[in-house]
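Below is a structure I'd like to ask you about.
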Amino acid sequence: MTGRLDSRSLTLFLAVADALSFRQAAEALHLSQPPLSRAIRELEERLGMRLFDRNTQGVTVTDAGRRLLPYARSIAKLLRQAEAELASQAVPATLRLGLTSSAEPTWFRGLVERLEALHPGTAVSAVSDTSPRLVRQLRAGKLDAAFIALPTDTRELDVMELDRLPMVVAMRSSHPLAKRKVVRLTDLALESVFWFERARQPAFYDHCQHIFNRYGFAPPKLREPADHHVLLAEVAGGRGMALLPKSFIGLRRAGVVYRALAEGDELAVGIGLATPKDRQTVRSMVAQAVRATDV
């Protein structure tokens, strides 16, 4: 029987056996029905036995088809495993990378260039977005890897935490609290504080709210602008204060100073590298570029 079976024929056979309908199997395979029916007939002729009985009541699998079925499933599973193994070890020609807009660790700078220098055959493109959106793009196969803020809902993904950024307070330089090196949440209780909407980062929002509740921190809240340069302009204008990851200290703005927050470590945002579970090579490539930074 050498040469009578092949992977394509087994794929078509499995589709019909699972659907028990040539029409539904053809739709699942993105084929028209006549070529599928013809391919199954040719397979039956090569094997010298019927695999399906067709009648006005529908399609049933014959005894011969039932004997073939477990072998076909095993072969299909082995092929999927082989493809996944090869994909996990392959160095991609293009790497689509996501960067969280929630924080800006210093090692983000030059990251794309380091990746391309370490892997000359790979072209890297990067997009910035909120962590939940980056996670959705990873799950949809639109990104290969993403740096996300933690905590975030990362089910179905592998996540490696790379950094933790304590929260600091951005305030107007003329504010009386600017004279202190460290401030506490209780010091800000009566201050208007810019804060992000829960929809932007639900898991991190809930984490911070838990800490706020512990300290009884419930200041007047202002809607935080998505653009951090706009946010700092509002802070400089004295409209309110902002709690930001420590990495934002690198964003200088006249009239704005940053002060350490006593509870900053408890409110820290983590930075994690998220990848699909079958992309070990991509994960190693990106982690290597992070380690290569001089920061």
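What net charge is computed for the residues neighbouring GLU42, neighbours being all others with C-beta under 14 Å from the C-beta of GLU42, Lys and Arg scored +1, Asp and Glu -1?
+3
Could you look at the stretch 7-88 and say what percent of its accessible area is carbon and sulfur, using a 1.4 Å probe and all protein chains?
55
Okay, next question. Identify which of the listed values of log10 I(q)/I(0) by the Debye sum over Cα atoms at q = 0.09, 0.11, 0.12 Å⁻¹ was calculated from the structure shown: [x] -0.36, -0.56, -0.68; [y] -0.63, -0.77, -0.84; [z] -0.49, -0.70, -0.80.
Looking at log10 I(q)/I(0) by the Debye sum over Cα atoms at q = 0.09, 0.11, 0.12 Å⁻¹ for this model, the match is [y].
Sorted from largest down, what three extents in whole angstroms do the Cα atoms of the stretch 100-249 have along their principal axes?
Principal-axis extents of the stretch 100-249 (Cα, largest first): 54, 30, 23 Å.
What does the accessible area per residue of the stretch 137-295 come to in Å², with a 1.4 Å probe and no ligands, DNA or RNA counted?
So the stretch 137-295 comes to 49 Å² accessible per residue, rounded to a whole number.
Follow-up. Tell me the label-point distance for the pair ARG73, SER128, using the 7 Å Cα-to-Cβ offset, in nm and rounded to one decimal.
Distance between the two pseudo-spin positions: 5.0 nm.
Just to be sure I understand the model, the point goes 7 Å from the Cα along the line to the Cβ. What's the resulting THR94 to GLU156 distance in nm?
2.2
Using a/c under 1.5 as the rounded threshold, could you call the stretch 167-267 rounded, prolate or oblate? The axes a ≥ b ≥ c are square roots of the C-alpha gyration tensor eigenvalues, and prolate needs a/b larger than b/c, oblate otherwise.
oblate
Going highest first, how would you order 160-173, 143-156 by mean Cβ packing within 10 Å?
Descending packing order for the listed peptides: 143-156, 160-173.
Can I ask one more? Compactness ratio of the stretch 7-88: Cα Rg over 2.2 N^0.38 Å, N = residue count?
The stretch 7-88 yields a ratio of 1.13.
Quote to one decimal, in nm, the extra length available between ALA19 and ARG80 on full extension: 0.36 nm per residue of separation minus the C-alpha distance between them.
Full-extension gain reported as 20.0 nm.
Further question on the same structure: Can you give the helix-only mean residue ellipticity at 222 nm for the chain, where every DSSP H stretch with n ≥ 4 adds -39500 (n - 2.57) and the sum goes over all residues, rounded to the nearest 500 deg cm²/dmol?
Only helices count here, giving -12500 deg cm²/dmol.
In whole angstrom, note down how far apart the Cα centers of the stretch 105-140 and the stretch 143-201 are.
So the separation of the two Cα centres works out to 21 Å.
Could you calculate the contour length gain from ARG214 to THR60, that is, 0.36 nm times the residue separation minus the distance between their Cα atoms, to one decimal place in nm?
49.1 nm
Considering only DSSP beta bridges whose two residues both sit in the chain, what percent are antiparallel, to the nearest 5?
Roughly 60 percent of the DSSP beta bridges within the chain come out antiparallel.
So how much slack lies between LYS179 and LYS277, counting 0.36 nm per residue of separation and subtracting their Cα-Cα distance, in nm?
Working it through step by step, the gained length comes to 30.4 nm.
Next question. Taking only the alpha carbons of the stretch 48-182, what extent do you get along each of the three principal axes, in Å, biggest first?
Principal extents (largest minus smallest coordinate, Cα): 89, 38, 23 Å.
The values are calculated or read from the model by the stated rules, or taken from the named source; none is laboratory data. None of these values were measured; they are calculated from a predicted model. Quick reminder, even Gly has a Cβ in these numbers, built from the backbone with ideal geometry, and neighbours come from all protein chains shown. Note: areas computed on protein heavy atoms with side chains; ligands, DNA, RNA excluded. Shrake-Rupley method; radii C 1.70, N 1.55, O 1.52, S 1.80 Å.
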